[in-house]
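Asks: Provided herewith is a single structure, encoded as structure tokens, for subsequent inquiry.
The values are calculated or read from the model by the stated rules, or taken from the named source; none is laboratory data. It should be emphasised that the depicted structure is a prediction, and the values quoted were computed from it without experimental measurement. Heads up, the Cβs are rebuilt from the backbone with ideal geometry, glycines too, and the neighbour counts pull from every protein chain shown.
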Amino acid sequence: MTTNRSDISTSVDGVDIFVISQPDASFINLGTLSTNGDVSRPISITADGVTVDNKGAISTSGDGSTGIIVGDPYGARYSNVTVTNHGTIMTAGGTLANDPDPPIFASGIDLFGDHNKGVNYGSITNVDGDNVGMNSVGSYSTLLNFGQIDSTLAGMVIDQYSGDEVHSSAINYGSIVTHWDGSWGMIALVGDNILKNYGTIQVEGFASFGMSLEGDRNHGENYGTIVATGEADRGVLLNGVGLSFANYGTIRTTGADSIGARFSGENLAGTDGGIFTNYGRIISAGRSVSGVDSNDHFVNRGVLIGDATLGAGDDFYVAGKGGSLSGTLVLGDGNDCIILEKGGGNLMVADFVAGAGTDDVIDLSGLSYHSFSEVMAHATQLGSDVVLNLGPRDQVVLQGVALEALAPDDFVLSVSAHSHASLWEHDLLGMI
């Protein structure tokens, strides 16, 4: 094991202070390391199986200068490396253009390779440039934050180079704050990876994102708090096919035109946008939920404050037991299904298309209604709306619908012990 207790600095471009090139070596920094040159790193790891622990202070001010780096952005990859920060890492340089290759960022910790692990117990700060707190490019790697990340562009990133980096995870137990427009608290830029938040995430810039899944079959979970304060911010973004996200905590967006949970406008019509399940609270100054042209699926067993809009795809919305929506459900175009569980709360639906042969349907099979006449016995016309009083916590208001327009095929009813609701539930579980 090698331990540094000295204070060392360099101002030369492309010069690293410590290069750990011996496989399975261990290195501890107790001193102060600073670089001022471009692409100049205090600690660079160029071997497999290395363990590095920073307990001192690391700072960089040059463009493209990462605090601690494993490998390099353009090919050199090393595996089974563990980087731990108990001290401070600060980067103040900008992003270095490197045409035709991608730019080089000045991250706090960069991991390039498979089966690597980055852990932060201290503080990582990016004060300038499009920079990242913790970044991983590779498969089967893990990023963990127990401390503080204060970043310009992104807090924790699962990134890509070849596009086949899979089965990595980024998990936040501490705090992440980002400041720039278009920033991310946590983001997975390639598919088949996992993001989880148990701590706090706050994004402050215009059109920024608390947690963003931007690759097919990614999965995310929030048990903590996500706060997005800027205009047009999104608490959670789902951009891809077959995505899944479960919220057990709180998602709050406070800016104008903000959205709590958003399926991305880049999702193509007819594709599977994935499933978002809410057990916690989503509170938005704009919309709590927003779908797009893809086939989007939303299950609410928690609290939604703000309108929920499903978009133009063939979508379903589950008004789950114990859930509530303080706002209006807007179905949009497409063949949409509202699934009402017993105890699913009161639901105001803006644009249900009623009548024989029409697209939209309400699934009441979880409420033990067996015939259309039985449903209609609980339906009344109130002004221009139809009110379905289906149980103590089960009321649906269909705005702008005439009672006589309703037809039997507007509803799915319970017909056997193997009800339609159980089939929907099976489909939902299969998607998670």
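Residue-by-condition table, conditions (1) at positive phi; (2) without any contact (Cβ under 8 Å) to a residue 40 or more places away in the chain; (3) of a type in the set (Lys, Arg):
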residue	(1), (2), (3)
Ser123	no, yes, no
Asn126	no, yes, no
Gly163	yes, yes, no
His167	yes, yes, no
Ala170	no, yes, no
Ile176	no, no, no
Ser183	no, yes, no
Asn193	no, yes, no
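Asks: Going through region 11-33 one residue at a time, which ones are in contact with a Pro (Cβ under 9 Å, 6 or more places away or on another chain) and either small (Gly, Ala, Ser) or not in a loop (DSSP other than H, G, I, E, B) (or both)? Even if it seems obvious, please write down each step before you answer.
Replies: Step one: filter region 11-33 for residues in contact with a Pro (Cβ under 9 Å, 6 or more places away or on another chain), giving 16-18, 29, 33.
Result: Phe18, Asn29, Leu33.
Asks: Continuing with the same structure: If I filter region 298-307 for residues that are among the polar types (S, T, N, Q), closer than 17 Å to Leu340 by Cα, buried (at least 20 other Cβ atoms within 10 Å of the Cβ) and at pLDDT 95 or above, do I get at least one hit? Don't jump to the end; show me each part of the working.
Replies: Taking region 298-307 as the starting set, the residues that turn out to be among the polar types (S, T, N, Q) are 300.
Still in the running and closer than 17 Å to Leu340 by Cα: 300.
When the remaining residues are screened for being buried (at least 20 other Cβ atoms within 10 Å of the Cβ), the result is 300.
Subset that is at pLDDT 95 or above: 300.
Taking every residue of region 298-307 in turn, at least one turns out to be among the polar types (S, T, N, Q), closer than 17 Å to Leu340 by Cα, buried (at least 20 other Cβ atoms within 10 Å of the Cβ) and at pLDDT 95 or above.
Asks: If you don't mind, another one. Is region 367-377 home to any residue that is among the aliphatic types (A, V, I, L, M), at negative phi, modelled with pLDDT of 95 or more and loosely packed, with under 13 Cβ neighbours inside 10 Å? Show your work before the answer.
Replies: Taking region 367-377 as the starting set, the residues that turn out to be among the aliphatic types (A, V, I, L, M) are 367, 375-377.
Of the ones still in play, those that are also at negative phi are 367, 375-377.
This time we only want the ones that are modelled with pLDDT of 95 or more, so: 375-377.
The next check asks that each one be loosely packed, with under 13 Cβ neighbours inside 10 Å; those that pass are 377.
Scanning region 367-377 turns up at least one residue that is among the aliphatic types (A, V, I, L, M), at negative phi, modelled with pLDDT of 95 or more and loosely packed, with under 13 Cβ neighbours inside 10 Å.
Asks: Which members of region 221-245 meet the condition of being in contact with an Asp or Glu (Cβ under 8 Å, 6 or more places away or on another chain), crowded, with 20+ Cβ neighbours inside 10 Å and among the acidic types (Asp, Glu)?
Replies: none
Asks: At least 3 residues that are of a type outside the set (Lys, Arg) and touching a Lys or Arg at 6+ places or on another chain (Cβ under 9 Å) in each: list the strands (runs of 3 or more DSSP E) lying fully within region 300-402 that qualify.
Replies: 303-309
Asks: Would a scan of region 52-61 turn up a residue that is small (Gly, Ala, Ser), assigned to a strand (DSSP E or B), modelled with pLDDT of 95 or more and under 30 Å from the mean Cα position of the chain (by Cα)?
Replies: Keep residues of region 52-61 that are small (Gly, Ala, Ser), which gives 56-57, 59, 61.
Now restrict to residues that are assigned to a strand (DSSP E or B): 57, 59.
Next, only the ones that are modelled with pLDDT of 95 or more stay: 57, 59.
Imposing the further condition that a residue be under 30 Å from the mean Cα position of the chain (by Cα) reduces the set to 59.
Scanning region 52-61 turns up at least one residue that is small (Gly, Ala, Ser), assigned to a strand (DSSP E or B), modelled with pLDDT of 95 or more and under 30 Å from the mean Cα position of the chain (by Cα).
Asks: Within region 59-68, can one find any residue that is under 19 Å from Thr88 (Cβ atoms) and surrounded by fewer than 20 Cβ atoms within 10 Å (Cβ to Cβ)? Step through it out loud before you land on a result.
Replies: In the first step, residues of region 59-68 are kept if they are under 19 Å from Thr88 (Cβ atoms); the result is 59-62, 65-68.
With the extra rule that they be surrounded by fewer than 20 Cβ atoms within 10 Å (Cβ to Cβ), the set shrinks to none.
Within region 59-68 (the criterion being under 19 Å from Thr88 (Cβ atoms) and surrounded by fewer than 20 Cβ atoms within 10 Å (Cβ to Cβ)), the answer is no, since none of the residues qualifies.
Asks: Next up: Filtering region 100-113 down to residues that are touching a residue at least 12 places away in the same chain (Cβ under 8 Å) and either aliphatic (A, V, I, L, M) or outside any strand (DSSP E or B) (or both), which residue is nearest to Asn36 (Cα to Cα)?
Replies: Start the filter on region 100-113 by keeping residues that are touching a residue at least 12 places away in the same chain (Cβ under 8 Å), which leaves 101-113.
The next check asks that each one be either aliphatic (A, V, I, L, M) or outside any strand (DSSP E or B) (or both); those that pass are 104-109, 111, 113.
Numbers: Ile104: 15, Phe105: 15, Ala106: 12, Ser107: 14, Gly108: 15, Ile109: 17, Leu111: 21, Gly113: 26 Å.
Filtering region 100-113 for residues that are touching a residue at least 12 places away in the same chain (Cβ under 8 Å) and either aliphatic (A, V, I, L, M) or outside any strand (DSSP E or B) (or both), the one nearest to Asn36 (Cα to Cα) comes out as Ala106.
Asks: Among the candidates Asn36, Asn116, Asn85, single out the residue that is in contact (Cβ under 8 Å) with a residue 60 or more places away in the chain and either crowded, with 19+ Cβ neighbours inside 10 Å or farther than 24 Å from Tyr173 by Cα (or both). Walk me through how you get there before you give the answer.
Replies: Details: Asn36 fails: in contact (Cβ under 8 Å) with a residue 60 or more places away in the chain; Asn116 fails: in contact (Cβ under 8 Å) with a residue 60 or more places away in the chain.
That would be Asn85, the only listed residue that is in contact (Cβ under 8 Å) with a residue 60 or more places away in the chain and either crowded, with 19+ Cβ neighbours inside 10 Å or farther than 24 Å from Tyr173 by Cα (or both).
Asks: Yes or no: region 311-325 includes at least one residue that is at pLDDT 95 or above and within 21 Å of Asp257 (Cα to Cα).
Replies: Yes, there is a match, as at least one residue in region 311-325 is at pLDDT 95 or above and within 21 Å of Asp257 (Cα to Cα).
Asks: Out of Ile69, Ile124, I need the residue that is of a type in the set (A, V, I, L, M), part of a strand (DSSP E or B) and over 18 Å from Gly185 (Cα atoms). Which one?
Replies: Numbers: Ile124 fails: over 18 Å from Gly185 (Cα atoms).
Testing whether each residue is of a type in the set (A, V, I, L, M), part of a strand (DSSP E or B) and over 18 Å from Gly185 (Cα atoms) leaves just Ile69.
Asks: What tally of residues in region 34-47 results from selecting those that are part of a strand (DSSP E or B) and under 16 Å from Leu111 (Cα atoms)?
Replies: First pass over region 34-47, keeping only residues part of a strand (DSSP E or B): 34-35, 43-45.
Checking which are under 16 Å from Leu111 (Cα atoms) leaves us with 43-45.
Residues in region 34-47 being part of a strand (DSSP E or B) and under 16 Å from Leu111 (Cα atoms): 3 in total.
Asks: Output yes when any residue across region 12-22 is surrounded by 16 or more Cβ atoms within 10 Å (Cβ to Cβ), more than 15 Å from Leu143 (Cβ to Cβ) and touching a residue at least 60 places away in the same chain (Cβ under 8 Å), and no when none is.
Replies: No: region 12-22 contains no residue that is surrounded by 16 or more Cβ atoms within 10 Å (Cβ to Cβ), more than 15 Å from Leu143 (Cβ to Cβ) and touching a residue at least 60 places away in the same chain (Cβ under 8 Å).
For (1) under 20 Å from Gly302 (Cβ atoms); (2) in the same structural domain as Val292 (by TED's automatic domain parsing); (3) modelled with pLDDT of 95 or more, each residue gets a yes or a no:
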residue: Val330; (1), (2), (3): yes, no, yes
residue: Asp333; (1), (2), (3): no, no, no
residue: Ile339; (1), (2), (3): yes, no, yes
residue: Lys342; (1), (2), (3): yes, no, no
residue: Thr358; (1), (2), (3): no, no, no
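Asks: Quick check on this structure: which one of Gly220, Gly302 is without any contact (Cβ under 8 Å) to a residue 60 or more places away in the chain and out of contact with any Gly (no Cβ under 7 Å at 6 or more places or on another chain)?
Replies: Gly220
Asks: Further question: Which of (1) among the hydroxyl-bearing types (Ser, Thr, Tyr); (2) buried (at least 20 other Cβ atoms within 10 Å of the Cβ); (3) under 29 Å from Asp410 (Cα atoms) does Ser258 not meet, given it meets every other one?
Replies: Single failed check for Ser258: (3).
Quick grid of which residues meet (1) at pLDDT 95 or above; (2) in contact with a Pro (Cβ under 9 Å, 6 or more places away or on another chain); (3) of a type in the set (A, V, I, L, M, F, W, C); (4) not assigned by TED's automatic domain parsing to the domain that holds Thr229:
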residue: Ser136; (1), (2), (3), (4): yes, no, no, yes
residue: Gln148; (1), (2), (3), (4): yes, no, no, yes
residue: Val157; (1), (2), (3), (4): yes, no, yes, yes
residue: Gln160; (1), (2), (3), (4): no, no, no, yes
residue: Asp164; (1), (2), (3), (4): no, no, no, yes
residue: Ala170; (1), (2), (3), (4): yes, no, yes, yes
residue: Ser175; (1), (2), (3), (4): yes, no, no, yes
residue: Ser183; (1), (2), (3), (4): yes, no, no, yes
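Asks: For region 128-149, enumerate the residues that are surrounded by fewer than 24 Cβ atoms within 10 Å (Cβ to Cβ) and part of a strand (DSSP E or B). Steps first, answer last, please.
Replies: So the first thing to find is which residues in region 128-149 are surrounded by fewer than 24 Cβ atoms within 10 Å (Cβ to Cβ), and the list is 128-130, 139-140, 142, 144, 146-148.
Passing the criteria: Thr142, Leu144, Gln148.
Asks: Condition first: at pLDDT 85 or above and at positive phi. Now tell me which residues in region 267-281 satisfy that.
Replies: At the first step, the residues of region 267-281 found to be at pLDDT 85 or above are 271-281.
Within region 267-281, Gly274 is the sole residue that qualifies.
Asks: What is the residue count in region 315-351 for residues that are surrounded by 19 or more Cβ atoms within 10 Å (Cβ to Cβ), acidic (Asp, Glu) and under 26 Å from the mean Cα position of the chain (by Cα)?
Replies: The qualifying residues number 2.
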